[in-house]
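Down below is the structure, laid out as C-alpha cells.
The values are calculated or read from the model by the stated rules, or taken from the named source; none is laboratory data. Predicted model only: the values in this text are computed from it and were never measured. Note: ideal-geometry Cβ built from the backbone for every residue, glycine included; neighbour counts use all protein chains shown. Keep in mind that these areas ignore ligands, DNA and RNA; they rest on the heavy atoms of the full protein, side chains included. Shrake-Rupley method; radii C 1.70, N 1.55, O 1.52, S 1.80 Å.
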Amino acid sequence: MREIRRLSAEDVYAACDPTVFDFETTASLPPPAGFIGQKRAVSAIRFGLNIESRGYNLFLTGPPGTGKTSLIRAMLDDLARQRPVPGDVCLVNNFRDPDRPRALHLPAGMGRQLKRDMDGFIARLREEIPKALQSKEYEDQQAEIVRRYQESSAALFAQLEQRASREGIQFRITPTGIVTRPLVNGKPISQEEYDALPETVREALRRRLQEFNEEIARLLDDVRALERQARERAEELERLTLLFIVRQFADELKRRYSDYPEVLDYLDQVQESVLENREVFKRKPEAEPTPGLRVEETSPFVPYQVNVLVDNSDTQGAPIVFEPNPTYTNMFGAIEREARFGALVTDFTKIKAGSILRANGGFLVVEALDVLKYPFVWDSLKRVVESGELRIEDVATQYGLVSTTGLRPEPIAVDVKIVLIGSPLLHLLLYTFDEDFRKLFKVKADFDTQMDRTPENLLQYAYFIKSCCDREGLAHFDRDAVAAIIEYSSRLAGDQTKLSTQFGEVSDVLREASFWARQAGHAQVTRADVERAIEEKIFRSNRVEERIQEMIARGDILVDVTGAVPGQINGLAVLSLGDYSFGRPTRITCETFMGREGVINIERRSRLSGNIHDKGVLILSGYVGARYAQDKPLSLAASLCFEQSYEMVEGDSASAAELIALLSSLAGVPLKQNIAITGSVNQKGQIQPIGGVNEKVEGFYYVCKAKGLTGDQGVIIPHQNVKNLMLRREVVEAIREGKFHIYPVATVDEAVEILTGMEAGEKDAHGQFPEGTFNYRVNERLRQLARELKELARAREEKEEQDGQ
C-alpha cells in the first residue's frame, strides 16, 4: 500500500501575510504610477498607439473585467497630452456649387473665431449698407444722375416740340403714349375737316405726320437709352458704394486670415455673393422675433454663416473619443432636416459631425460588437480608415438606395487611430473571415486574466485599491483587508501563485466591503468587512446551490457520504448560473456483464453527452484494454450512468470517477462513499488536472456538512490542482481540524487504494498482478468473462452443428 497523502490547511489556502506591507492603511500610499499587470497588452498598446504607419489600428481582446477600457483610457490620457492639438474643421457655403459645401481646416480655436468674424461681418454689412444708401451724399449723387437724365430727356422733347411747331403738328404726351395731330392755320383740325381737304393736301399732311412719328420713335429710343444709362449709373454707384463697404470689412478679415488660402478664397466668394445679392442687404434689419415664436422662413443670410463641425479650442493635446453608441450618424455625422410647411428642408448649417471627425488627429475607442451590430457602420468605418477621407452624407445615398438630390459635402481628410474592444472569439472571426480586418487592425493587444503573485505585484494591488478608494470615495483598507483582497484575487485566478487581473470583479468587492465597513461604523475597511462582502455576494446568488444541497440532505437527490458500494462513486461537477458557479456531487454508477459491446455511455445513448465527455469514455476504454487485455480478448459489456442527471453532461473531469466505478464493478470491490473524486484520465492511467477544483471540493464539503460530518470524508483531486486550491475559510478550518480531507493523486492506482482500502497492485515481470490486489481481481474477472463468453460461443457452434445434421 502506498502512503496516503493528505493536504494540510496551509496547502489548500495561500494566505497573504499582512506584514509584507509597510503601511497601516491605503490612505497613506502615494498615488499609483504605471499599470498593474498586463505587460504584454501594455507593450502592444504602446506600440500600436505610437506607430504612424497606415493600418496599425488596435484591437483590444480579452475576457470582460480585465480592465481593457480603463487601461486604454489611462494610456491615451498620458499619450494625448504629448500630442499637438489638431485643428478645427468648418463647413461653409460653396457659392459656386451650393449642393457641395466646402470644408475649411484651421488651427484650434480659429474655427470659432471665423464664425464670430463672419457673423460680425454680415451684421456690419446689414447695418452699414442701408445707412450708406440712405446717406445725403449718396442720395445727392443719385439725384444728380436723375437730374441729368431728366435734363437730357427734357432737351430732346424740347427739340421735338420746336420741330412740331415749325411743321404745324400738335403733339401731346398722355398715359397711353404720344398723340399727334396736324395743324391748319395754327389750329388742329377735326376728322371731318381733314376728310374735306383735297387729296393732295391730305397726302402731304399724312406724309408730314409719318415723318414726325418716325422722329418721335427715334426720340423715344434716345430717351430709353438715356434712362438705361441713368439706371446703369445708379446701379454702378450703388455697387461701388457697396463694394467700398464690403471691401473695407473684407480686407480686415483677409489680413487676419492671410496665412490661410482656403479662407481667402472663401472671402472672395462671399464678397462676390454680397454684391450679387445686394438687395437683401439694402433692407433695414428687422426686429428680433418674439421669444417662442417659430420662424418658418429661411433667413437669406444663412449662406454666409460658418458651421463649426469640430471645435478644438478647449482641447488639451490630441482628442480622445469614446463612442458608447456607434450608430451610423453618431460615427460619421448627419445631415439633419427641419419640417417646414409639410416638407423636410436642410442646409449646410444643419450638418453635424460624428465621432470620427471629432476624434480627427487623435483616438477613437469603440466596442467592436456594437460596431458590427448597427447596419452599414462596419463597412463605412473600414472605408474611412483605408481611404483617410470622411464623407458626411445620407447612408441611403451612399449605398445607392435612393437617387434624390441633396447636400453632399466635399470629403474631409481624417487621421484617426481606431481602437476596437472585443472578445477573443470576435477577433478570431474577423481575422478569419474579413480580409480587410487584417490590413486595417494589425495590432492585437491580448489581455490576460492573471499575473504572478510576486511582492512587486502585491504592492501594485495595494496601489490599485488605493486608486479605487480615492476615485470613488470609498473607505480606505487596512493592510489586513488588503491581504484579504489579495487572497480573494488568487481565488478568482484559480491559482495560489497568481493574482487575478479581472479588476471589475475585484472592484465590486472593494465597493461592497467599503459599504459593510461603514454599516459597521468602521473608519477603515477590515478583513472582516472584506470577508462579509464576499459572503454576502455569494448569498445573493446561491439560492439554487442551497436548494440542491437541501434536496441531497432530504434524500430527494441520491448521494451517499457514508458506507461503501461496488460500482458506485461520487463524481463532482460544476454548475454555472452566470454570476455564480458551485460544485454539485453526482452519483456515477456502473454495471458490468458478459458481452462484447464494451463500455456503453448511457448519456451518449440518450443524447445527453457532449463530445468531450464521449472522448473521456473512449479513453477509459483504451486504458482498460491496454492494462488488462494483453493476454486475452476484452470481452466486456458495461453501462456507465450519471444518476438523476437530466441535463447535458460535458467535459472529461469525471472520466477518472467513471473508470474507477467500472473497475470496482468488475472487481466486486466496494468504493467508499465518503470520498468523492474529480480528475480526467489518459490511456496510461495518469490523472490529469481539471477546472473548478475549488467549487467541486466545496460542493462535496457542504453536502457532507448537511448530512453530517464524520471526520473521514474528503475529495480526491489531481496532484496538479493543488496549486489551484483557494478554499473558503470554513472548508480550510474543517481541514485544519481533521474533519475533512483532500487527497492529491497522480495515477488511477493511487485513487483506487484511497477509495477501496486495498492495494492496487503492479504487474510483475511476467505481466501478472499480485494475488489479493485490486487489479488482480479486475484482471481475473475479465479473464473469467472472456472464458465464459468463449465457452458460450463454442456451445452455440456445437448446437448449430447438431441442428444442421
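For trypsin sites (Lys or Arg not before Pro), the sites in region 504-563 that DSSP calls loop and that have at most 15 other Cβ atoms within 10 Å are Arg540.
Shape analysis of region 2-55 places it in the oblate category; the axes a ≥ b ≥ c from the Cα gyration tensor give an a/c of at least 1.5, with a/b not above b/c. Applying a DSSP loop filter and a limit of 13 other Cβ atoms within 10 Å to the trypsin sites (Lys or Arg not before Pro) in region 562-624 leaves Arg596, Arg607. In the context of the full set of protein chains, residues of region 506-623 present 51 Å² of accessible surface per residue (probe radius 1.4 Å, heavy atoms only). The label-point distance for Glu801 and Thr497, in a model that sets each label 7 Å from Cα toward Cβ, rounds to 6.6 nm. Let me make sure I get this right: for region 644-689, a, b and c are the square roots of the gyration tensor eigenvalues over alpha carbons, sorted descending. Under 1.5 in a/c it's rounded, otherwise prolate if a/b > b/c, else oblate. Which is it? It is oblate, given that a/c is not under 1.5 and a/b is not larger than b/c.
In the chain, the longest principal axis of the Cα atoms and the axis of helix 774-804 are about 90 degrees apart. How high is the relative contact order of the chain, given as a whole-number percent (alpha carbon pairs under 8 Å, six or more residues apart)? It comes to 16 percent, rounded to a whole number. Computing FRET efficiency as 1/(1 + (r/R0)^6) for Ala234 and Arg340, where r is the C-beta to C-beta distance and R0 is 45 Å, gives about 0.80. A simple spin-label model places pseudo-atoms 7 Å from Cα toward Cβ; at Asp140 and Glu389 they are separated by 5.8 nm. Put a dot 7 Å past the Cα of Glu643, heading toward its Cβ, do the same for Phe433, and the two dots end up 4.5 nm apart.
Candidate cross-link partners of Lys439 among the lysines, defined by an alpha-carbon separation under 23 Å and a same-chain spacing of 8 or more, comprise Lys68, Lys373, Lys382, Lys417. Counting only alpha carbon atoms, the long axis of helix 377-387 and the longest principal axis of the chain meet at about 70°.
In the chain, helical runs assigned H by DSSP with n ≥ 4 each contribute -39500 (n - 2.57); averaged across all residues and rounded to the nearest 500, the mean residue ellipticity at 222 nm is -15500 deg cm²/dmol.
Rolling a 1.4 Å probe over the protein heavy atoms gives region 313-456 an accessible area of 49 Å² per residue. Of the solvent-accessible surface of the chain, computed with a 1.4 Å probe and all protein chains present, 49% belongs to carbon and sulfur.
The residue among Trp378, Thr432, Leu492 whose Cα reaches farthest toward the positive pole of the charge dipole of region 351-498, with charges on the beta-carbon of Lys, Arg, Asp and Glu, is Trp378. Looking at region 428-527, none of the chymotrypsin sites (Phe, Trp or Tyr not before Pro) sits in a DSSP loop with at most 12 other Cβ atoms within 10 Å of its own Cβ. Cross-link partners of Lys723 among lysines, defined as those whose alpha carbon lies under 19 angstrom from its own and excluding same-chain residues fewer than eight positions apart: Lys498, Lys696. Between Ile538, Met451, Pro98, the Cα set farthest toward the positive side of the dipole of the chain (charges on each charged residue's Cβ, about the Cα centre) is that of Pro98. For region 731-782 versus region 459-490, the inter-centroid distance based on Cα atoms is 45 Å.
Relative to the longest principal axis of the Cα atoms of the chain, the long axis of helix 199-256 makes an angle of roughly 40 degrees.
Straight-line cross-link partners of Lys131 among the lysines, defined as a Cα under 28 Å from its Cα and at least 8 positions apart when in the same chain: Lys115, Lys254, Lys282, Lys284.
Here are a few candidate values for semi-axes √(5λ) of the Cα gyration tensor in Å: (i) 84, 28, 25; (ii) 43, 33, 25; (iii) 100, 34, 21. Which one was actually calculated from the structure I just gave you? Evaluating semi-axes √(5λ) of the Cα gyration tensor in Å on these atoms matches (iii).
Near Glu650, the amide H atoms lying under 5 Å from its own belong to Gly610; only residues 5 or more places off or on other chains count, and H is placed 1.01 Å from N. What separates the Cα centres of region 518-585 and region 65-105 is a distance of 52 Å. Put simply, the amide H of Gly598, placed in the peptide plane, has neighbours under 5 Å in Leu636, Ala637, Ala638, leaving out anything fewer than 5 places away on its chain. Mind checking the per residue accessible area of region 98-150 for me, 1.4 Å probe, whole number of Å²? With all protein chains present, region 98-150 gives 54 Å² per residue.
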